[in-house]
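Here the structure is laid out as C-alpha cells; the discussion comes afterwards.
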Amino acid sequence: MFCNRTSPGSTVLLVAAVLAPGAWSAVLLGHPPSLVAAEPSDAIPPPAPAFQGVIGRTIKEAKPAFPQRIQAPKDAPNVVIIMTDDTGFGHASTFGGPIPTPTLDRLAKNGLRYNRFHTTALCSPTRAALLTGRNHHSAGTGMVTEFATGFPGYAGILPPSTALVSQVLKAHGYSTAAFGKWHNTPPWEAGPTGPFDRWPTNLGFEYFYGFMGGDTNQWSPGLIENTRRIQPPADPGYHLMTDMTNRAIDWIRTQKTTEPGKPFFVYFAPGATHAPHHAPKSWIERFKGQFDQGWDKVRDETFARQKQLGVVPVGTILTPRPKSIPAWGGLSTDDQRLYARMQEVFAGFLAYTDDEIGRLIDSIGRLGELENTLVLYIVGDNGASPEGGIPGTDNEAKRFNGVADTADANRKLLDQLGGPMAYNNYPVGWAHAGSTPFQWTKQIASHFGGTRNPLVISWPKRIKDAGGLRTRFHHVNDIAPTIYEAVGIRPPTHVDGIEQKPIEGVSMVYTFDDAQAAGRHRTQYFEMLGSRAIYQDGWVAAAFHGRIPWSMFPSNLDIDNEPWELYNIEDDFSEGRDVAAAHPDKLRALQALFWVEAAKHQVLPIDDRTAGRMLGNPQPEVAPGRLTATFYPGIILPEACAPNTKNRSSSIMAAIDVPKAGAEGVLVAEGGRFGGYSLYIKNGKLALHYNFLNTARYTITSDADVPIGKSTVRYDFTAAGNARGGGGTARLFINDRQVGEGQIARTAPNVLSIDETFNVGMDIATPVSEDYQSPFAFTGTLERVTIELK
C-alpha cells in the first residue's frame, strides 16, 4: 500500500489500485502545492480551490476538508446605493430645494455632499453606467431599453463584457439584493419565459423585488419577485414605496441575523419621483398652498437657498427660463390652481419617499451596522422630468401615443391627482424650477439641467469630514470603481470566461479625505437623442440640438451644421455664460474630442429620433411572424411579449363552458384603467370594452345571452384603413352568430398602457373597464383564448 500523509496545505493525493492480489500501484492524481499555486486571480468565478485534506486508501487514513467559502475582505463595509428617479438638482432641501428631505439631510450631515456629480440625462442609460462603471453606450444602453435600435451602443442589452458591481461583490463574499426600479432588461425578454440572462437575479443580485420597466403604478404595481410576477397585497392603503422598504428591511435583517459577519450590498431604486406621481393624500396635503407663488418665484427662492447653503457658488448665474415655457404670471387663475396642485402632489411624493428611505437607514442603524455602511444616495437618475408637457398630464400614456394634453382635461381629475384614478405628471414649468439653477431638464445631455444631480456619500467609519462639500467633477460611472476601492477589491479582468471592458469611471475615494485634491475625472462625453456635450479639465462644449424635451418630434438641425456653446465651468457653475465666440480654438478642439470619444465608446451613429426609433428599427419579437396564438387561463404577459393587436385588424376567440348557474368575468384583457381592451361576460351578456387612454371609452354589448354549456365567443376588430391609431368596427359573435356591433373611433397606436399586462381569464392590477373590479376572474370554465392577427 502506498499512502502519502500530506502536511497541512498539501494537495498530494495518492490512490491505490489493485494490480494483483497483494500488489498495489500508486497513481498520482494531484500535484505538490509548488506546482499548482497561482497568482491571485482577477477572474470571477475564481478557479476551484485545491483540496486541503488527505485522501487515503480507507477512511481511517483520510482527512476531510470542505472548500472554504469566499470571504469578503476584512472589515469590508456594507454598501447601499439609493437612487431616486426624475429628481432634479433643485428639488431636495439638502441642496436648496423647496421639498424637505430630512433623511438626505441627516446622511449629508454625517457624510459628504457632491455638487458636481453627473448622470446621463435618462433612466436606463444612467442605471447601466451606475452598475457597470462604464459609459452608457459602452454598456449597450445609449437610450432607454424600449427605444433600442440594435446598434452596439443602442442594443438595450447589457453585454457580458461589462459585469455589474453586483456580480463582482457577490463573487467577493457579499449578499446582494435589489429593490424597486430595474429598467435594464430588454422589453422582449421581460416575459415569463425570459430568457433570464439579463434579469437582476442573473446579474449578481441574489434577490429582486420590484418592477422591470421605466415606471409603474405605485398603487397597483407590476411586481416581480426574482423572476415571477406576483400581485400586491389586497390592502386599500397599499403603496409600493412602503412595500419595497418593508421588503428591504426584512431582507437586511434576515441576512444580518443569519450571517452577521457577511457584508451586504443593497441597490434601492424607488420609482419615485418618476410619473405617475402617486403619494398618500396625507403627504400631499402637507404642501397645500406652498407653491401658489408659481414656478418662476420658486426657482428664485431655490436659487437663493442654494447660494446660502454653499452648494451653488457665489457669483453663479441663474439661467433664464426658455421662451417655450410660459411665465407663471401669464397663466389664468384656474391654470395656476391646477398646476400648483400638481406640484403639491410631486412634493408629497418626494417627501414621502425620503421618509421611507429614512426607515431603511434607521433599520440598518438598529442592527448596529450603520457605522460601517457605505451609503451612496443619488438624488435622481437625470434631471427633473419635462414629459408632462406644458399643461402636465393626468395620464402619462397619452404622450407616448402622441395625444396632446390640455389643462381643461387635467382639471377634471384635479381632486384625484396623486391617487389611483390618475397617472399624472406635472407641467414642464415645475421641471424647470426643479432643475435650478441650470438650463433645461431630463433628456437634455448637453446641459446640466439634464445631467447634474445631487449626491451624498455617508460612511461614518471612514469619512471624517462630516458635513463637507466636494466640488470635483464626477460622473455616475464613478460609483462602481468607488465601491471597489472602498471594499478593497479589483474589478475583474474576466467574468465567466469573458474578457471585460476596462472600467471607464474613476474612484471617488480620494475625495473622502481631501476637499482640495485635484479632480481625477478629466474627460467625459454626454449624448442623448442627438443632444451632446464634452467635458475636459473644466471646459464644456455643448450642442443642444434643438429638440424640445417634452416633444416627441426630432430636431430638424443638421448635426454637422448646428451651433455649439462653450462654458468654463470652473468659473461658471450653471453654464450661464457662453464664451464660444471668445475661444474658438478651444471649442474646435473640444468638438473634435467629442467625436474621438464617441467612436471610442460606441456612441455612433448619432440618432436624434424619438418615436421614430421604434418605428424605424422594429425590435425583436418573442414569436417572430406568428399571426395566430393560443393562450390558456392564468397567462400574464407584458405588452411587449403579447400579440400586437395595435394598428391592424384582429380576431379574439374564447372557448368557454358556462355552468347552469351562469358565469361572469374577464376572458381576456390587456392594459388597465389608463388604456387597453377587455372581453368579458357580465349579467349574461358578452361585452367588449375599449379604453382609449382613459379619454374615450367604447363598450359593445351582445344583444343575446351567452348560452349555458360549451360555446365559442369572439371579438373581431376591422380597422378602417391603414392609419396608425385609427378607428374601426368591433363585432361580437357567439357560436359564429353576430350578436353585437359598434364603432371604436380611436385606438392607441404605440402602447396600450405604460405598465399593465395581457391577461387570460382575469384582469389584474387596475381594471380596463370601470364596469367591474379587478381581477374579475371568469367563474366558468375557460378552455383557451386564440388571437388571430390579420
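The values are calculated or read from the model by the stated rules, or taken from the named source; none is laboratory data. Bear in mind the structure is a predicted one, so any value in this text is a computation, not a measurement. Please note: Cβ atoms are built from the backbone with ideal geometry, for glycine as well, and neighbour counts cover all protein chains shown. Accessible surface areas use protein heavy atoms only, side chains included; no ligands, DNA or RNA. Shrake-Rupley method; radii C 1.70, N 1.55, O 1.52, S 1.80 Å.
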So what's the back-of-envelope 222 nm ellipticity for the chain, counting only DSSP H runs of four-plus at -39500 (n - 2.57) apiece and dividing by all residues, rounded to 500? -6000 deg cm²/dmol
Relative intensity, log₁₀ I(q)/I(0), of the range 45-109 from a Debye sum that treats every alpha carbon as a point, q = 0.21 Å⁻¹: -0.95
Accessible-area value, Lys461, 1.4 Å probe, nucleic acids and ligands omitted, Å²: 90
Rank by packing, highest mean first: peptides 93-100, 345-352, 363-370, 149-156, with packing defined as the count of other Cβ atoms within 10 Å averaged across residues. 345-352, 93-100, 149-156, 363-370
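Count the net charge of all other residues whose Cβ sits under 11 Å from the Cβ of Thr87, scoring Lys and Arg as +1 and Asp and Glu as -1.
Details: positive: Lys442; negative: Asp85, Asp86, Asp354, Asp381.
Net of charged neighbours comes to -3.
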So what's Rg/Rh here for the range 312-424, counting alpha carbon atoms and using the Kirkwood radius for Rh? 1.08
Using a 1.4 Å probe and ignoring any ligands, DNA or RNA, find the accessible area of Thr729 and quote it in Å² to the nearest 10. 20
If you place +1 on the Cβ of every Lys and Arg, -1 on the Cβ of every Asp and Glu, and leave all else neutral, what size is the dipole of the range 344-450 about its Cα centre, to the nearest 20 Debye? 340
Within-14-Å neighbourhood charge of Thr701 [Cβ basis; K, R +1; D, E -1]: -1
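Write down the Kirkwood hydrodynamic radius of the range 517-660, to one decimal in angstroms, obtained as one divided by the mean of 1/r over all alpha carbon pairs. Walk me through the numbers on the way to the answer.
Working: mean 1/r = 0.0510 Å⁻¹.
When all Cα pairs of the range 517-660 are included, the Kirkwood radius is 19.6 Å.
Rg(Cα) of the range 70-210 divided by 2.2 N^0.38 Å? Each step should come with its number before you reach the end.
Details: Rg = 16.7 Å, N = 141, 2.2 N^0.38 = 14.4 Å.
For the range 70-210, the normalised Cα radius of gyration comes out at 1.15.
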Where both residues lie in the chain, what percent of DSSP beta bridges are antiparallel, nearest 5? 75
The range 691-787 pair-distance distribution - Cα-Cα, 5 Å bins, rounded %: 3, 11, 17, 22, 25, 15, 6, 1, 0
Tally Lys and Arg at +1 and Asp and Glu at -1 over the other residues with C-beta under 13 Å from the C-beta of Ile361: what net charge comes out? -3
I'd like to know how the range 430-508 sits against the 2.2 N^0.38 Å rule of thumb: what's its Cα Rg over that expected value? 1.43
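Take peptides 686-694, 529-537 and line them up by average Cβ neighbours within 10 Å, highest first, as a rough protection proxy.
On the way: 686-694: 24.7, 529-537: 22.9.
Per-residue mean Cβ counts within 10 Å order the peptides as 686-694, 529-537.
Please state the charge dipole magnitude for the range 249-319, taken about the Cα centre, from unit charges on C-beta atoms (+1 on K and R, -1 on D and E), reported in debye and rounded to the nearest 20.
Details: 10 positive and 7 negative charges, 34 e Å.
Approximately 160 debye in magnitude.
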Taking the Cα centre of the range 569-710 as origin, work out the dipole magnitude from +1 charges on Lys and Arg Cβ and -1 charges on Asp and Glu Cβ, in debye rounded to 20. 800
For the range 94-166, restrict the atom set to alpha-carbon positions and state the Rg and Dmax in Å. 15.8, 45
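As an exercise, take the mean of 1/r over every pair of distinct alpha carbons in the range 169-296, invert it, and state the Kirkwood radius in angstroms. Can you show the working numbers first?
Values: mean 1/r = 0.0614 Å⁻¹.
Final number for the Kirkwood radius of the range 169-296 is 16.3 Å.
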Return P(r) of the chain (all Cα-Cα pairs; 10 Å bins starting at 0; whole %; ordered from short to long distances). 3, 13, 22, 23, 18, 11, 6, 3, 1, 0, 0
Among Leu752, Ser649, Met762 the positive-end extreme of the charge dipole of the range 643-790 (Cβ point charges): Ser649
In what sequence, highest mean first, do 401-413, 323-335, 375-387, 660-672 appear when ranked by Cβ atoms within 10 angstrom? 375-387, 660-672, 401-413, 323-335
Once the dipole of the chain is set up with Lys and Arg at +1 and Asp and Glu at -1 on Cβ about the Cα centre, which of Leu529, Val603, Ile230 lies farthest towards its positive end? Ile230
Relative contact order (percent) for the range 678-745, with alpha-carbon contacts under 8 angstrom and 6 or more residues of separation? 27
Whole-percent tail of the Cα-Cα distance distribution for the range 218-266, cut at 17 Å, equals 45
Rounded to the nearest 10 Å², the 1.4 Å probe accessible area of Ile55 is 70
Among Tyr352, Ala327, Leu414 the positive-end extreme of the charge dipole of the range 316-425 (Cβ point charges): Ala327
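Going by a ≥ b ≥ c, the root eigenvalues of the Cα gyration tensor, does the range 147-236 fall in the rounded group (a/c under 1.5), the prolate group (a/b larger than b/c) or the oblate group?
oblate
Filter the cross-link list Lys170/Lys501; Lys170/Lys256; Lys181/Lys288; Lys461/Lys501 down to pairs whose alpha-carbon distance in this structure exceeds 23 Å. Spell out each step's value before the answer.
Working: Lys170/Lys501 19 Å; Lys170/Lys256 15 Å; Lys181/Lys288 29 Å; Lys461/Lys501 32 Å.
Lys181/Lys288; Lys461/Lys501, as the Cα separations exceed 23 Å there.
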